[in-house]
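Chemist: Right, I'll just put the structure down here and ask away after.
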Amino acid sequence: MIECGVWWALPLPVEPRYLDLLDPLEQDRYHAYRQEIDRRRFLTGRVLAKTVVGEFLGRPPEAMKFDATCEDCGKPHGRPRIAGARFSISHSGDRIGLAVTTDTPVGLDVETTGRGADDSLISYSLNETEQADLAGLAGEERVQAFFRYWTRKEALMKATGRGLKIPLTSMTLSGPGEPARLVASADAALRPETTRLADLEPGEGYRAAIAVLTADEIKVTERRWDAPA
């Protein structure tokens, strides 16, 4: 049994005690965002990860230094990593999430469902089998079903570390009303027998999923995170 912890947070205020936890490269990324909410989401994700993963590794947040080197171009905008733990950060709207495992690849995705799902987005992300599952749905039910698919697929891509190099339509998932499961994959990075999925509960107006690359069963625990006073 693989244990996976998921923490949900709201955007932190921009305060020196949080900004001081960012290293110089993270400071650069923080200031590169134009919108305040984007800066706050980035800041919260890093503070959340440094606090939770730091506790997991027995280190204070200020001692945590992530490696975010992009595996393709070498620039510091890749997914953050650190020896001794696997983790994934995701954010949308006012939800920032963190998933952590010991040494098993993990991916987390959260999305606000308020933006809807038009036909072009559906055809881009769902294959014919999955589109057929949405054919009889309308309105809010259709939107919710689509984002079940979307978050599951995004979580899978994040778990592999390959992102959009894996076409979304190359994966076939169980229907939105069924337990989350990878049914088939045309990409060698994902195999049903070594992939586990679970839907999460980030709150009203959001959908989220976690993917773990393992043949073992997973146990997922969700918690709310509040920054230390």
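Chemist: Could you do me a favour and compute the accessible area per residue for segment 86-229, 1.4 Å probe, result in Å²?
Modeler: 45 Å²
Chemist: In the Gaussian network model of the chain, springs joining C-alpha atoms below 10 Å, which of Gln144, Gln27, Gln35 carries the largest mean-square fluctuation?
Modeler: Judging by the Gaussian network model, the answer is Gln35.
Chemist: Using each residue's phi in segment 82-91, evaluate 6.51 cos²θ - 1.76 cosθ + 1.60 at θ = phi - 60° and report the 3J(HN,Hα) Karplus result to the nearest Hz, with x for Gly and Pro.
Modeler: Values per residue, Gly and Pro as x: 7, 5, x, 7, 10, 8, 9, 10, 8, 8 Hz.
Chemist: About its Cα centre, what dipole magnitude does the chain give when the only charges are +1 on Lys and Arg Cβ and -1 on Asp and Glu Cβ, stated in debye to the nearest 20?
Modeler: Charge dipole of the chain: 520 debye, to the nearest 20.
Chemist: While we're here: Less than 12 Å Cβ to Cβ from Gly78, Lys/Arg counted +1 and Asp/Glu -1: what total charge do the surrounding residues give?
Modeler: Local charge sum for Gly78: +3.
Chemist: Still on this structure, please answer the following. What's the angle, to the nearest 10 degrees (0 to 90), between helix 139-160's Cα axis and the longest principal axis of the chain?
Modeler: Helix 139-160 and the main axis of the chain meet at about 60 degrees.
Chemist: Please work out the Cα center distance from segment 4-52 to segment 126-169, rounded to the nearest Å.
Modeler: 28 Å
Chemist: Here is a further query. Of Lys50/Lys75; Lys50/Lys158; Lys65/Lys153; Lys165/Lys219, which ones are farther than 23 Å apart at the Cα?
Modeler: Pairs exceeding the cut-off: Lys65/Lys153; Lys165/Lys219.
Chemist: Quick one: net charge around Asp67, please, counting Lys, Arg +1 and Asp, Glu -1 for every other residue with C-beta under 10 Å from its C-beta.
Modeler: Around Asp67, the charge tally is +3.
Chemist: Taking the Cβ of Leu121 as the center, what net charge do the other residues with Cβ under 13 Å away carry, scoring Lys and Arg +1 and Asp and Glu -1?
Modeler: Charge balance in the 13 Å sphere: -2.
Chemist: Name the trypsin sites (Lys or Arg not before Pro) in segment 1-83 that are in a loop by DSSP and that have at most 13 other C-beta atoms within 10 Å, would you?
Modeler: Those satisfying the criteria are Arg34, Lys65.
Chemist: Additional query: As an exercise, use a Förster radius of 30 Å and the Cβ-Cβ distance of Ile37 and Thr221 to find the FRET efficiency, rounded to the nearest 0.05.
Modeler: Working from the Cβ atoms, E equals 0.60.
Chemist: Let me ask you something else. Show the residues, 5+ positions off or on another chain, whose built amide H is closer than 5 Å to the amide H of Gly203.
Modeler: Long-range HN contacts for Gly203: none found.
Chemist: With only Lys, Arg, Asp and Glu charged, each at its Cβ (+1 for the first two, -1 for the last two), find how big the charge dipole of segment 31-75 is about the Cα centre; round to the nearest 20 debye.
Modeler: Charge dipole, segment 31-75, about its Cα centre: 200 debye, nearest 20.
Chemist: What trypsin sites (Lys or Arg not before Pro) does segment 160-216 have in DSSP loop regions with at most 16 other beta carbons within 10 Å?
Modeler: Filter output for segment 160-216: Arg162, Arg181.
Chemist: Please list, by residue number, every one of the GluC sites (Glu not before Pro) in segment 40-107 that is coil in DSSP and has at most 11 other beta-carbon atoms within 10 Å.
Modeler: Filter output for segment 40-107: Glu71.
Chemist: Pick out, from Val106, Tyr30, Ile89, the residue whose Cα sits farthest towards the positive end of the charge dipole of the chain, with +1 on the Cβ of Lys and Arg and -1 on the Cβ of Asp and Glu.
Modeler: Tyr30
Chemist: Report the charge-dipole magnitude of segment 84-136 in Debye, nearest 20, computed about the Cα centre from +1 at each Lys and Arg Cβ and -1 at each Asp and Glu Cβ.
Modeler: Dipole magnitude for segment 84-136 comes out near 320 debye.
Chemist: Among Cys4, Gly163, Leu21, whose Cα sits farthest toward the positive end of the charge dipole of the chain (+1 at Cβ of Lys/Arg, -1 at Cβ of Asp/Glu, about the Cα centre)?
Modeler: Toward the positive end, the furthest listed residue is Leu21.
Chemist: In whole percent, and with a 1.4 Å probe on the protein chains, what portion of the accessible area of segment 1-123 is carbon and sulfur?
Modeler: Roughly 50 percent of what the probe reaches on segment 1-123 is carbon or sulfur.
Chemist: Follow-up. In whole Hz, with x marking every Gly and Pro, tabulate ³J(HN,Hα) for segment 122-136 from phi via Karplus 6.51 cos²θ - 1.76 cosθ + 1.60, θ = phi - 60°.
Modeler: Computed from phi, the couplings for segment 122-136 are 5, 5, 6, 10, 10, 7, 4, 4, 6, 4, 5, 5, 8, 4, x Hz.
The values are calculated or read from the model by the stated rules, or taken from the named source; none is laboratory data. Since this is a predicted model, take the numbers as computed values, not measurements. Here the Cβ is made from the backbone with ideal geometry for all residues, glycine too, and neighbour counts use every protein chain on show. All accessible areas refer to the heavy atoms of the entire protein, side chains included, with ligands and DNA or RNA removed. Shrake-Rupley method; radii C 1.70, N 1.55, O 1.52, S 1.80 Å.
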